[in-house]
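Chemist: Starting off with a structure, shown below.
The values are calculated or read from the model by the stated rules, or taken from the named source; none is laboratory data. What you are looking at is a predicted structure, and each value in this text was computed from that prediction instead of being measured. Here the Cβ positions follow ideal geometry from the backbone for every residue, glycine too, while neighbour counts run over all protein chains shown.
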């Protein structure tokens, strides 16, 4: 995810509590979705779709923070 921002992600995870929280929640959802899709953890198709949408919103928010941080570093 966001390989072009790998270094910036590390910086933000260490220095921005909000970003670190978003990143952590995104990772947790990713793991939960994988378990559900593998039928290790029970879930309906609808539940999985809701989690995927939540995960996507988190990713979008992280991307906005990354773009903002990247633009301020370039100045």
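Chemist: Out of all the residues in segment 62-75, which are exposed (fewer than 15 other Cβ atoms within 10 Å of the Cβ) and either at pLDDT 95 or above or assigned to a helix (DSSP H, G or I) (or both)?
Modeler: Correct list: 63, 64, 67, 68, 70, 71, 72, 73, 74.
Chemist: OK, next. Is at least one residue of segment 31-52 in contact (Cβ under 8 Å) with a residue 24 or more places away in the chain and part of a loop (DSSP other than H, G, I, E, B)?
Modeler: The answer is no; no qualifying residue exists.
Chemist: I'd like to verify a number: residues in segment 12-27 that are in contact (Cβ under 8 Å) with a residue 24 or more places away in the chain, assigned to a helix (DSSP H, G or I) and surrounded by 13 or more Cβ atoms within 10 Å (Cβ to Cβ), how many?
Modeler: 6
Chemist: Pick from 50, 33: which is within 17 Å of the chain's Cα centre (by Cα), over 25 Å from residue 3 (Cβ atoms) and surrounded by 10 or more Cβ atoms within 10 Å (Cβ to Cβ)?
Modeler: Values: 33 fails: over 25 Å from residue 3 (Cβ atoms).
Just a single option satisfies the conditions, and that option is 50.
Chemist: Which one of the conditions (1) surrounded by 11 or more Cβ atoms within 10 Å (Cβ to Cβ); (2) free of Cβ contacts under 8 Å to residues at least 60 places away in the same chain does residue 3 fail to meet, given that it meets all the rest?
Modeler: (1)
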